[in-house]
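First comes the structure, then the notes that go with it.
The values are calculated or read from the model by the stated rules, or taken from the named source; none is laboratory data. All figures in this text were calculated on a predicted structure; none of them were measured in a lab. Quick reminder, even Gly has a Cβ in these numbers, built from the backbone with ideal geometry, and neighbours come from all protein chains shown. The protein model used for the area step is the full one, side chains on, heavy atoms only, and it has no ligands, DNA or RNA in it. Shrake-Rupley method; radii C 1.70, N 1.55, O 1.52, S 1.80 Å.
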Amino acid sequence: MTPHIECDKDLIAPLVIMPGDPRRAKYIAEKFLTDYKLVNSVRNEDAYTGYFNGVKVTIFSSGMGNASMGIYSHELFNFYDVKAILRVGSCGSYSADVKVHDVLLIDNVYSTSNYALEYLNEDIHLIKSNEEFNKVISDTAIDLGVSVKKVNCNNVDAFYNSLNIEEIDKKYECKIVEMESFALFVNAKKCNKLASALVTVSDNLVTGEKLGAVEREKDFDEMIKLALTSIIKI
Ligand code: HPA
């Protein structure tokens, strides 16, 4: 047990999919897993462990933001022997060419967050997802016929912020924005574990396009199938 996870170690699989929202974790378990059970509900940050194509996986909600993702991924990597975490979530787009519905694999993340300074005492603001993991995801996407673009991402602590999107895009070629991948990738680097992130565009900050709840669900299913089919090959 840890301050935030209440189950025994053997109830968490070495392979973990992390949506932000606990209701999404439930949805994924119900729709895609067999023999699943609820293994954590501290703070309603629900986690389910079950089987996908016969392989044990855990779906663990991360909550919103680097602070929350940082806690759960640290505890999973360090106290539950988790080998790989794949975040699945939504993002905003900084480009008219990166449209709502697009499924994206996060390559480099640029963040103004001081998470790495606090966690590692290293003033890192740029970090990369795991290339070996990304290759498996890209190859699996081809096999499943899912179109996935690899993009750089701007990670923010403040959803409501006054960052200059154009400047960030110009400097770091960030096409999207989200709030959890930086802490996940920093933790994975420190713990020598595997981490990556798949996201669908829910809103475009340039054109103002937004997805409704039903449309989000359909995109989400395609991304989850890709995430689960990929992670069981790790
Ligand atoms: N900002 C940060 N995170 C997000 C956004 C956004 O606009 N949309 C979806 N996740």
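Can you list residues whose amide H is under 5 Å from D102's amide H, if they're 5+ apart or on another chain and H is modeled 1.01 Å from N?
Here V201 satisfy the definition.
Quick one: go through the range 199-224 and flag any residue whose amide nitrogen is under 14 Å from the point 7 Å out along the Cα-to-Cβ line of S147.
Residues 201 fall inside that zone.
Can you list the trypsin sites (Lys or Arg not before Pro) in the range 99-158 that are in a DSSP coil and have 12 or fewer other beta carbons within 10 angstrom?
Hits after loop and neighbour filter: K99.
Determine the dipole magnitude for the range 91-164: charges of +1 sit on the beta-carbon of Lys and Arg, -1 on that of Asp and Glu, nothing else is charged, the reference point is the Cα centre, and the result goes in debye to the nearest 20.
260
What is the magnitude of the charge dipole of the range 9-231 about its Cα centre, with +1 placed on the Cβ of each Lys and Arg, -1 on the Cβ of each Asp and Glu, and no other charges, expressed in debye to the nearest 20?
Result for the range 9-231 is approximately 440 debye, rounded to the nearest 20.
Ratio of the range 1-63's C-alpha Rg to 2.2 N^0.38 Å, to two decimals?
That ratio works out to 0.98.
At 7 Å along the Cα-to-beta-carbon direction for both T2 and D123, put a label point, then send me their distance in nm to one decimal.
Going by the 7 Å Cα→Cβ label model, 2.9 nm.
Looking at the chain as a GNM with Cα springs under 10 Å, which of N152, N78, N66 has the largest mean-square fluctuation?
N78
With viscosity set to 0.692 mPa s and temperature to 37 °C, compute the Stokes-Einstein D of the chain, Rh being the Kirkwood radius across alpha carbon pairs; µm²/s, no decimals.
In µm²/s, the coefficient is 188.
Among V201, Y119, V156, which residue has its Cα furthest toward the positive end of the charge dipole of the range 9-231, with +1 on Lys/Arg Cβ and -1 on Asp/Glu Cβ?
Going by the Cα projections, it comes out as Y119.
For V136, V206, what's the largest-to-smallest order of accessible area, 1.4 Å probe?
Largest accessible area first, the list is V206, V136.
Taking every eigenvalue of the Cα gyration tensor of the range 68-130, multiplying by 5 and rooting it, what semi-axes result, largest first, whole Å?
Over the Cα atoms of the range 68-130, the semi-axes work out to 25, 17, 10 Å.
At 1.4 Å probe size, with every protein chain present, just tell me what the per residue accessible area of the range 9-231 comes to in Å².
46
Within the range 9-231, what whole-number % of the accessible surface is contributed by carbon and sulfur, with the 1.4 Å probe and all protein chains included in the calculation?
49
Tell me, what is the FRET efficiency for S162 and D139 to the nearest 0.05, using R0 = 41 angstrom and their Cβ-Cβ distance as r?
0.55
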